[in-house]
Amino acid sequence: MAAKASPDVIHAFAALVRSEIDDERVDLLRAALTFARIENPRLDIEQYVRRVEELSRRAAAKVQDLDDPAQIIAALNEVLFQEEMFRGNTVDYYNPRNSFLHDVLDRRLGIPITLALVYMEVARRMGFPLFGVGMPGHFLLKHYDVDGRAILIDAFERGSIVTEEDCRQKLDAIYSGQLALQPEFLLPVTRRQMLTRMLNNLRSIYLSQRDFRRAVQVVDLILVIYPRSPEDVKQRAVLRYNLNDYRGALNDFEEYVKMSPEASDAEEIKQTALSLRRSMAMMN
C-alpha cells in the first residue's frame, strides 16, 4: 500500500499555503487545522475557526482602548489563561496531540508554538498583529508598538511579557548553557516557517515512536510548503522504503539525485536506487 497523506488533505493544505499567496496572507489557523486532518480526516475546521472568533470577541469586549497594547495583552491573558485555562502541557510534552490545533483548543493544552498560534490568531481578529519568534527549543510572540518598540510575549507562560535576559535564561535552562542567545533567535519568522516548525515537531515525535506511516504523511505536507527541499525528499524515500512502498521510494531517491547531483551522498543514493530498481524488476 502506498504510504502518503490523503490527496484531499494535501490538496486542501496546498490551497492555503501555495507559493502564489503572500506569506502574510497565509491563513495560519485554517492551515494548521487542515494538517490536523491527517489525524482526524473528518475534522470540522470551521467549527474551530468559530471558536477562535468567539474567544476574540470576548477579549475585545474587555478592552477600552484598542490602541493600548498593555490592555489588549491583559484582556487576551484573562480570557485565554484565567477563564479558559489554556496551559502548557509540561507533563506530556511530546504527545502528538499538543501539535494538532483542534486538540489544543479542545483540551486547552499545548506546546509553546501551538499556544502561540492560538494567541496570535485570537489577537489578529482584534486587530492586534503578532509575529511568531522561533527561538531554538522554545517559541515566542512579538508585537511592535507604534514607536517600533518590540514586546515579547510567552504564551507557554500564560502570556507573560519577557525580556532578552529572560530568553537568555530560558536558553541556558534548555541547552545547559551550551547555546548563547544570538540576535537572530528573536527575529520574526514567516507563517510558512511557523507551519513547517509545527510539522517538524510532529515528524520528530512520529520518528521517535517509529510510526513511519504517520511520519511520511507529515513529510508530504512539508514538501507542499517547500517542494524543492532535497533533504525532505530523501527522508521520504527512506520512510517509504521502510513501509515497503518501493516504487515511491525509488521515485524519491531518483528525484533527490536530480535535485542534488553534487551532494556528498549522491553516488551512494544513485546505487541504492539502481539496486532497488533491479529488485523490483525481479519481483514482477
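The values are calculated or read from the model by the stated rules, or taken from the named source; none is laboratory data. It should be emphasised that the depicted structure is a prediction, and the values quoted were computed from it without experimental measurement. Using ideal geometry, Cβ is built from the backbone for each residue, glycine included, and neighbour counts are taken over all protein chains shown. The accessibility values were calculated without ligands, DNA or RNA, using every heavy atom of the protein model including side chains. Shrake-Rupley method; radii C 1.70, N 1.55, O 1.52, S 1.80 Å.
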Exercise for review: Return the total of residues in region 19-36 being free of Cβ contacts under 8 Å to residues at least 12 places away in the same chain and open to solvent by 90 Å² or more (accessible area, probe 1.4 Å).
Suggested key: 3
Review point. Just a yes or no: is a residue in region 3-11 in a helix (DSSP H, G or I), buried (at least 17 other Cβ atoms within 10 Å of the Cβ) and under 23 Å from the mean Cα position of the chain (by Cα)?
Key: yes
**Study point:** Single condition R149 does not satisfy, out of (1) crowded, with 18+ Cβ neighbours inside 10 Å; (2) among the basic types (K, R); (3) under 28 Å from V63 (Cβ atoms)
**Key:** (1)
Study note, to complete from the structure: Of V219, V224, V257, the only residue that is assigned to a helix (DSSP H, G or I) and within 14 Å of L276 (Cβ to Cβ) is V257
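Rundown of residues vs (1) under 19 Å from I10 (Cβ atoms); (2) over 13 Å from the mean Cα position of the chain (by Cα); (3) surrounded by 15 or more Cβ atoms within 10 Å (Cβ to Cβ), yes/no style:
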| site | (1), (2), (3) |
| --- | --- |
| Q182 | no, yes, no |
| R192 | yes, no, yes |
| L195 | yes, no, yes |
| L199 | yes, no, yes |
| R210 | no, yes, no |
| R214 | yes, yes, yes |
| V233 | yes, yes, yes |
Review point. Mind checking which pairs have a first residue in region 112-132 that is part of a strand (DSSP E or B) and a second that is of a type in the set (S, T, N, Q), Cβ under 8 Å, 6 or more apart or different chains?
Key: G132/Q193
Review point. In the list S229, S279, which residue meets the criterion of being hydroxyl-bearing (S, T, Y), surrounded by fewer than 20 Cβ atoms within 10 Å (Cβ to Cβ) and under 18 Å from the mean Cα position of the chain (by Cα)?
Key: S229
